[in-house]
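Derivation of every value follows stated rules applied to the coordinates shown; laboratory data play no part. Here the structure is a predicted model, which means the values were calculated and not measured. Glycine gets a Cβ as well: all are built from the backbone with ideal geometry, and neighbour counts include every protein chain shown.
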Amino acid sequence: MEAEIKDLSRVERTGAHSHIRGLGLKDDNTPAQRSQGMVGQLSARRGAGIIEKMIRDGKISGRAVLLSGQPGTGKTAIAMGLAQSLGHDTPFHMISGSEVYSLEMSKTEALTQSFRRAIGIRIKEETEIIEGEVVEIQVDRPAAGAGSKIGRLVLKTTDMETQFDLGSKMIEQLTKEKIGAGDVISIDKATGRITRLGRSVTRAKDFDALGANTRFVQCPDGELQKRKEVVHVVTLHDMDVINSRSQGFLALFAGDTGEIKPEVREQIDSRVAEWREQGKADIISGVLFIDEVHMLDIECFSFLNRALESDTAPIVLLATNRGITKIRGTETKSAHGLPVDLLDRLLILSTDPYTKDDLLQIIQVRCEEEGVEIDEEAIDALTAIAEETSLRYALQLITTSNVVSQKRKSAKVEIQDVSKVLKLFADVHTSEQTLIDFDKDFVLDSNDYGIDQQEDDEQGIDRERRQQGIRDKEDEVEQENSKKDGKKMDVD
């Protein structure tokens, strides 16, 4: 029997924004209509490109940018594209506005940890290494069969050749890495770690060096022992956790960090300041992305105002889909639900509703990302659904339609598959209309809601966004009451 073996390292989950590879900008910072998974939103993407350049140049530390627009217009996609463009060297931390509310830590502590997760420290240190090409490895085993192994290692460069004595641990590493004559290796003197750099080009014609993954490198020149600068990048939050827990470095894998004392952070900040003066470390201002920022309250906004004034503050990227609404924790209305003093600090990027052509291209990109074969009629149907309902609803129908087509043993998704899942899964507007039509059949009908509405109004709770169907029914009740009152007056 033949067993099917799958390479788990190549298995990737498909997420909502897994197709985003960058901002899709050209060399002159002009956005392409469709590139790196991004479609449309040319103005907002161009503005994000300017922000990216300022971040790379270190000219925008402690600034804040607001992405505003209707739901489903690509605000989070632009933020993810910015993160992809900056690369792994720039810290990028993403949270939702509701994540700061927890019983285990205060709101300001949650925001402080998020801020420090977005601030990186590039630590430089010099270490001594031995780098050369292996000429010979000789291992001597005890004659009695017991005892530790000993041996010798001969390394060379283009200028010299030296012999080193080996202990049992070094021999085990050489055996584990399968290092032999002709390999170019590097040995860290401080830790004794051995790293294979590749195969010497002088052994390129050897019969045993023709593997598909064989990497050929030049034989090192100069002396065998060298000093090399090693760079480590950690975040301020990582350093806080390591120094505040008894487990040290292992505390990073515990998950729950809890609240960190201010004294620990002060010690870390003073240590980092000393390293910067000595030239041993640099500050990397990363990006903190707060989605659904309107969920924060007035206390959090006050904290943001103060935190943005810090010398080591990261770039804060905010996103919201709210218009003019109340600031949480107050009775004051403001644009996007943010205080005016915070809005004055922001660079605002607006996203526009997608055009029909944009929706079509986004659906095509998602089909390619999910590996779904689909015909043109089905894509046109999904585009029409996205126009009438929402883009997110249409994108969710791609995978479900693919499952239905596979049940038919079809090679691609056709319009009949889209029609079938359209009848099975309702969009938000259809579901809302169902609630209006069958309001009295549910546990709480509109009359019950009206009583709750009156009680909530007395408590000062905002109920401005009531369903349109409930308003219509209340108007009908008032008209009937007025008619009754009119009849009574006629009788009198």
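Give, to the nearest whole percent, the P(r) tail of the stretch 72-188 beyond 22 angstrom, counting all Cα pairs. More than 22 Å apart: 63 percent of the Cα pairs in the stretch 72-188. Using the beta-carbon distance between T162 and Q278 and R0 = 35 Å, what value does 1/(1 + (r/R0)^6) give for FRET efficiency, to the nearest 0.05? Plugging the Cβ-Cβ distance into 1/(1 + (r/R0)^6) gives 0.55.
Amide H contacts of F164: L153, V154, L155, each under 5 Å away and 5 or more positions distant or on a separate chain (H built 1.01 Å from N in the peptide plane; Pro and chain starts excluded).
Extension gain, L42 to S148: 0.36 nm times the residue separation minus the Cα-Cα distance gives 31.4 nm. Computed extension gain for V264 through D28, at 0.36 nm per residue and net of the alpha carbon distance, reaches 80.5 nm. For E177, nonlocal amide neighbours, meaning residues 5 or more places apart or on other chains whose placed amide H falls under 5 Å from its own, do not occur. Per-peptide packing, taken as the mean over residues of other Cβ atoms within 10 Å, places 28-39, 217-228 in the sequence 28-39, 217-228 from highest down.
Using a simple spin-label model with pseudo-atoms 7 Å out from Cα toward Cβ, E370 and R345 lie 4.0 nm apart. Once backbone amide H atoms are built at 1.01 Å from N, L67 has L318, A319, T320, L349 as its partners under 5 Å, excluding neighbours fewer than 5 places away on the same chain.
With 0.36 nm allotted per residue and the present C-alpha distance subtracted, the E99-V139 stretch has 8.6 nm of extension available. Pairs with C-alpha atoms separated by more than 26 Å, drawn from the list K149/K189; K333/K440; K53/K261; K107/K333; K124/K149; K326/K356, are K333/K440; K53/K261; K124/K149; K326/K356.
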